[in-house]
Amino acid sequence: MGLTLPSFPTDCVSAAPGLRLRPVPEMGTCLAYDPDRARLHTLNPTAWLILSLCDGRPRAAIAAEFATTLRGLAGPAPEQGAFSRGLARLMSLGLVITGSPQTRSSSPQKETAP
Amino acid sequence: MQPAFANPVLETPPKISISITEACPHACAHCYSDCARAPKAGELSIPAWRRVIDGLTEEGFIQAYFEGGEPFAKPGFLDLIETTAPRMMTLVRTKGAGLDAAVADRLAAARVGRVLVDLMGADAATHDATAGAAGAFDQAIAAIGHCVARAIPVDVLVVLTRSTAPQLNAILALAHGLGAERVGILRLYPLGRAKAIWGGIALPLADQMAALAALAPPPGLKVMQSWHPRDQNCCWQAAALNAFGDMIGCQYLREYVNYGNIRDRPYLDAWRNDPLYKQIRSGNVEASCPDCSGSQRSHGGCRSTAFAFHGRWEAPDPFDVTLNDGVDLAVLPDRLR
């Protein structure tokens with residue numbers, strides 16, 4: 001089964017409601033707990049960045065910030081299409097949904113390591 | 001001087017295992033906690049555990065693995081699960097006692113992430129003899145069925161002993177047939193009542209390796225085991241609490257360490273400041289198996305069995321064929337008898 005993206009760049013995307021993010025910067029990963037599906041995912045840096053940007057804005061705006069953020073970072077540039085593939089994968093896992101967050105409480109709980 | 005070997009370093013641990021009680025309706029011959037039917041004096045209450053979970057959540061823990069004793073023997077355990085699962089990936093290890101259809105309904109509703117069920121044999125006679133309880137096998141089988149029927153992922157766990165070794169493939173087939181996703185084959189640890197009967201249940205390492213080499217899992221069933229070349233020193237990421245709230249790093253270190261009580265000290269305080277905890281996590285060991293360190297990114301293998309057999313935290317793990325160095329795993333050191 002192929003991964004699919006929102007139909008239009010103007011479609012808004014958000015992190016799934018109730019998601020809890022737990023960065024593990026020492027390992028270069030972020031754990032994402034989805035309590036609705038009872039799943040704990042380990043995100044690579046690309047997925048971690050995409051998910052952290054999915055705050056209800058249109059897909060095109062998030063893609064632009066993704067590219068801007070990467071340009072400001074050291075290290076190798078991600079492959080062409082990394083954003084689209086990453087977003088599609090996050091959507092297939094249910095970690096990102098189409099639409100704006102309805103309430104503040106539905107935004108992901110972002111944590112920094114204590 | 002830089003140590004020869006070093007494990008990965010976590011500033012804070014994301015996952016924790018919690019032994020919620022040392023009460024259990026079974027009387028397993030090798031019980032690591034010397035459990036009894038009644039809870040022991042000093043076990044934390046459910047309200048106390050709620051406060052602990054609140055604190056652990058604030059400290060950044062995102063996964064809780066509950067075990068016992070028998071967790072379902074703890075009154076109020078399901079209430080605790082229901083307040084934990086919305087915040088942490090929640091796993092429960094059980095022998096199946098008390099996990100009936102109604103309990104499985106609550107586990108499913110609470111969105112428990114995985115249930116791990118111990119099997120001590122592929123048939124009732126073998127399992128019940130080790131469990132010390134007639135009907136224990138049927139309870140375990142029923143518990144697996146209740147969870148699978150509700151789409152709760154299930155793992156089967158089996159400790160490799162003289163009685164389970166000849167039945168491993170039958171256990172794999174049974175687990176697969178029941179709908180378990182994975183089977184974890186665990187080493188036998190010299191803890192609790194296992195020490196008293198060690199000579200009768202422990203296998204020499206060569207026999208353990210032969211039993212593992214003979215595994216023929218059904219297609220689709222994942223088998224997990226931690227012998228060579230996957231012998232991990234997982235202490236670098238390990239956090240654990242016993243039933244009394246003592247911080248012990250790993251359940252298999254329960255008889256060797258105590259970093260203080262969670263009611264007196266935040267977990268991260270022990271993690272960051274206890275010298276022994278830091279030492280055990282470091283991976284500063286005398287020898288490291290290249291194959292295992294290559295696959296597991298850690299060094300020296302399990303610290304519990306290394307310490308048990310050698311009495312030194314830096315010692316090599318004798319359960320690894322490349323680090324065994326002539327240790328007979330079927331015979332306990334005198335100080336453990």
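The values are calculated or read from the model by the stated rules, or taken from the named source; none is laboratory data. Please read all numbers here as calculations on a predicted model, not as lab measurements. We place every Cβ from the backbone using ideal geometry, glycine too, and count neighbours over all the protein chains shown.
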Q | Close pairs (6 angstrom Cβ cut-off, 6 or more residues apart or separate chains): under 17 Å from B:Leu157 (Cα atoms) in the range B:213-225, loosely packed, with under 10 Cβ neighbours inside 10 Å anywhere | A | none
Q.
Can you tell me how many residues within the range B:290-314 are touching a Gly at 6+ places or on another chain (Cβ under 8 Å) and surrounded by 22 or more Cβ atoms within 10 Å (Cβ to Cβ)?
A. 5
(Q) Could you tell me how many of the residues in the range B:35-45 are within 26 Å of B:Leu186 (Cβ to Cβ) and exposed (fewer than 15 other Cβ atoms within 10 Å of the Cβ)? (A) 2
**Q.** Long-range neighbours under 7 Å by Cβ, at least six apart or interchain, first residue closer than 30 Å to A:Gly18 by Cβ and at pLDDT 95 or above within the range B:111-125, second among the small types (Gly, Ala, Ser) and not in a loop (DSSP other than H, G, I, E, B)
**A.** B:Val117/B:Ala140; B:Val117/B:Ala143
Q) Inside the range B:14-30, can you point out the residues that are surrounded by fewer than 21 Cβ atoms within 10 Å (Cβ to Cβ) and over 13 Å from B:Leu241 (Cβ atoms)? A) B:Pro25, B:Ala27, B:Ala29
Q.
Being crowded, with 17+ Cβ neighbours inside 10 Å and basic (Lys, Arg) is the filter here; which residues of the range A:58-73 pass it?
A. A:Arg59
Q: Among the residues of the range B:216-250, count how many are outside any loop (DSSP other than H, G, I, E, B) and of a type outside the set (Val, Ile, Thr).
A: 11
Q: Inspect all residues belonging to the range B:3-19 and state whether any of them is away from chain A (no Cβ under 14 Å), over 30 Å from A:Glu26 (Cβ atoms), in contact with a strand residue (DSSP E or B) (Cβ under 9 Å, 6 or more places away or on another chain) and not hydroxyl-bearing (Ser, Thr, Tyr).
A: no
Q.
Condition check: at pLDDT 95 or above and surrounded by fewer than 20 Cβ atoms within 10 Å (Cβ to Cβ). Does B:Met224 satisfy that?
A. yes
Q: Return yes or no: is B:Gly69 more than 29 Å from B:Ala315 (Cβ to Cβ), within 14 Å of chain A (Cβ to nearest Cβ), touching a residue at least 60 places away in the same chain (Cβ under 8 Å) and touching a Pro at 6+ places or on another chain (Cβ under 9 Å)?
A: no
Q | Filtered residues of the range A:7-45 (kept if more than 7 Å from chain B (Cβ to nearest Cβ) and of a type in the set (Gly, Ala, Ser)) | A | A:Ser7, A:Ser14, A:Ala15, A:Ala16, A:Gly18, A:Gly28, A:Ala32
(Q) I'd like to know if the range B:139-148 contains one or more residues that are within 11 Å of chain A (Cβ to nearest Cβ) and either of a type outside the set (Gly, Ala, Ser) or in contact with a Ser or Thr (Cβ under 9 Å, 6 or more places away or on another chain) (or both). (A) no
Q: Within the range B:141-150, identify whether any single residue is touching an Asp or Glu at 6+ places or on another chain (Cβ under 8 Å), at pLDDT 95 or above and in a loop (DSSP other than H, G, I, E, B), and answer yes or no.
A: yes
Q. If you scan the range A:21-36, which residues turn out to be of a type outside the set (Asp, Glu) and closer than 10 Å to B:Met89 by Cα?
A. A:Ala32, A:Tyr33, A:Pro35
Q: Sort through B:Leu336, B:Leu323 and tell me the only one that's among the hydrophobic types (A, V, I, L, M, F, W, C), out of contact with any His (no Cβ under 8 Å at 6 or more places or on another chain) and farther than 18 Å from B:Gln232 by Cβ.
A: B:Leu336
**Q.** Residue in the range B:85-116 that is farthest from the other protein chains (Cβ to nearest Cβ), counting only those that are touching a helix residue (DSSP H, G or I) at 6+ places or on another chain (Cβ under 6 Å) and surrounded by fewer than 24 Cβ atoms within 10 Å (Cβ to Cβ)
**A.** B:Ala97
**Q.** Pair list, Cβ < 7 Å and 6+ apart or interchain, from the range A:83-99 residues that are of a type in the set (Phe, Trp, Tyr) to residues that are outside any strand (DSSP E or B)
**A.** A:Phe83/A:Ile50; A:Phe83/A:Ala63; A:Phe83/A:Phe66
Q. Condition test on B:Gly199, is it exposed (fewer than 14 other Cβ atoms within 10 Å of the Cβ) and either in contact (Cβ under 8 Å) with a residue 40 or more places away in the chain or under 21 Å from B:Ser304 (Cβ atoms) (or both)?
A. yes
**Q.** Of the criteria (1) in a helix (DSSP H, G or I); (2) surrounded by fewer than 18 Cβ atoms within 10 Å (Cβ to Cβ), which one B:Asp328 fails
**A.** (1)
Q: May I ask you to list pairs of residues, at least six apart or on different chains, whose Cβ atoms are under 6 Å apart, with the first in the range B:311-337 being modelled with pLDDT of 95 or more and the second being in a loop (DSSP other than H, G, I, E, B) and surrounded by fewer than 13 Cβ atoms within 10 Å (Cβ to Cβ)?
A: none
Q: Output the number of the condition that B:Glu82 fails; it satisfies all remaining conditions of (1) closer than 28 Å to A:Leu31 by Cβ; (2) crowded, with 20+ Cβ neighbours inside 10 Å; (3) in contact with a helix residue (DSSP H, G or I) (Cβ under 6 Å, 6 or more places away or on another chain).
A: (2)
Q. For the range B:200-250, what are the residues that are more than 20 Å from B:Leu116 (Cβ to Cβ) and charged (D, E, K, R)?
A. B:Asp207, B:Asp231, B:Asp246
